[in-house]
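K.L.:
Handing you this structure, nothing more for now.
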Amino acid sequence: MTLRVLLVEDDRELCRTLRDAVTAEGYEVFTAASLSEGFALLTGLGAGASQGCPPVDMVLLDLGLPDGDGEQLLVALRQKHNVPLIIISARESDGQKVRLLDAGADDYLVKPFSIRELLARMRVGLRHRGTRVAPAVTHYSLGGLSIDLGARDVVLDGKEIHLTPTEFDLLAHLLHRPGRVYTREELLASVWGYAAHAGTRTVDVHVAQVRGKLGDDGAIIRTVRGVGYTADG
């Protein structure tokens with residue numbers, strides 16, 4: 001079953017980037033650019049849900065919306081449903097964080113944040129509700145190549161291979177779901193983050209660097225012409 005996520009964010013570029021990154025993880029994402037749109041989506045999705053079931057499985061909620069404060073949606077949602085809700089906001093006040101967490105938010109991320117951290121916190125929120133989340137790939141072996149995603153170790157023929165943090169994150173993201181084809185835009189959003197000013201050519205450069213360091217085993221990263229890259233599993 002595909003998990004449904006409501007993303008309420010008025011920054012068009014950020015909304016698109018987050019939507020692409022979350023969609024790449026296998027979620028179905030519904031976006032709203034205002035408080036009223038968020039309420040309308042919850043109402044519409046709720047009408048199509050089975051009786052007693054929440055309209056979505058998770059909410060990612062900005063606070064500073066053009067027609068009101070996201071806190072209003074949090075309060076209204078908590079009156080009916082207990083789905084995981086993560087605040088994503090530029091507001092850094094500890095007092096506000098505590099108030100919203102006490103009001104029912106599961107987590108609070110201050111912008112800018114890592115896409116990978118957001119995805120990890122989403123998985124935690126879902127697990128706390130007893131929702132099954134597909135386990136991430138943690139170890140990969142092929143011939144003389146061994147990759148431990150948890151320890152961030154890459155060993156080739158018994159020798160440790162040094163990858164930069166970005167190179168490793170790129171490889172790890174591809175191996176998280178072997179066989180899934182990621183566009184360059186999805187990889188840019190997930191690995192470099194929405195605040196990055198890099199272009200998609202950066203993805204190609206880093207893929208080439210990783211392949212070069214892995215030698216013949218670099219073929220585990222396969223180019224899908226006209227689309228992007230995938231890792232063979």
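The values are calculated or read from the model by the stated rules, or taken from the named source; none is laboratory data. A quick note: this is a predicted structure, and the numbers were derived from the prediction, not measured. Note that each Cβ is placed from the backbone with ideal geometry, even for glycine, and that neighbours are counted across all protein chains shown. Accessible surface areas use protein heavy atoms only, side chains included; no ligands, DNA or RNA. Shrake-Rupley method; radii C 1.70, N 1.55, O 1.52, S 1.80 Å.
K.L.:
Based on alpha-carbon atoms only, what is the radius of gyration of the chain relative to the globular estimate 2.2 N^0.38 Å? Before the final figure, lay out the partial values.
P.N.:
Working: Rg = 19.3 Å, N = 233, 2.2 N^0.38 = 17.5 Å.
Compared with the compact-globule rule of thumb, the chain sits at 1.11.
K.L.:
Remind me, relative contact order of region 1-46 in percent, using alpha carbon pairs under 8 angstrom and six or more residues apart? Walk me through the numbers on the way to the answer.
P.N.:
Values: 51 pairs, mean separation 20.4, N = 46.
Computed value for region 1-46: 44 percent relative contact order.
K.L.:
Counting just the Cα atoms, what span does region 53-187 cover along each of its three principal axes? Round to the nearest Å and put the largest first.
P.N.:
Largest to smallest, the principal-axis extents are 56, 32, 27 Å.
K.L.:
Just subtract the alpha-carbon distance of E117 and K80 from 0.36 nm times their residue separation and send over the number in nm, one decimal. Display every interim value, and only then the final one.
P.N.:
Working: separation 37, 0.36 × 37 = 13.32 nm, distance 2.79 nm.
Between E117 and K80, full extension yields 10.5 nm more.
K.L.:
Can you give me the relative contact order of the chain as a percent, contacts being Cα pairs under 8 Å and 6 or more apart? Display every interim value, and only then the final one.
P.N.:
Details: 357 pairs, mean separation 34.2, N = 233.
Here the relative contact order equals 15 percent.
K.L.:
Give the lysines reachable from K213 as a straight Cα distance under 30 Å; neighbours fewer than 8 places away on the same chain don't count.
P.N.:
Counting by Cα, and skipping residues close in sequence, K213 has these lysines nearby: K159.
K.L.:
Could you look at the chain and say what percent of its accessible area is carbon and sulfur, using a 1.4 Å probe and all protein chains? Don't skip to the answer; put the middle values down first.
P.N.:
Values: 5610 of 11470 Å².
It is 49 percent, rounded to a whole number.
K.L.:
Right, here's the next one. Just from its helices, what would the mean residue ellipticity at 222 nm be for the chain, if runs of 4 or more DSSP H residues each count -39500 (n - 2.57) and the sum is divided by every residue, rounded to the nearest 500 deg cm²/dmol? List each step's numbers first, then the result.
P.N.:
Details: 8 runs with 90 residues, N = 233.
Using -39500 (n - 2.57) per qualifying helix, the result is -12000 deg cm²/dmol.
K.L.:
Of all the Cα-Cα pairs you can form in region 1-78, what percent are over 22 Å apart?
P.N.:
Numbers: 586 of 3003 pairs.
That tail contains 20 percent of the Cα-Cα pairs.
K.L.:
Okay, moving on. Place the peptides 27-40, 218-231 in order of packing, highest mean first, counting for every residue the other Cβ atoms within 10 Å and averaging per peptide.
P.N.:
On the way: 27-40: 18.6, 218-231: 14.9.
Highest mean packing first, the order is 27-40, 218-231.
K.L.:
Over the Cα atoms of region 17-127, each weighted equally, I'd like the Debye log10 I(q)/I(0) at q = 0.16, 0.17, 0.19 Å⁻¹, rounded to two decimals.
P.N.:
Per q value, in the given order, log10 I(q)/I(0) is -0.73, -0.84, -1.07.
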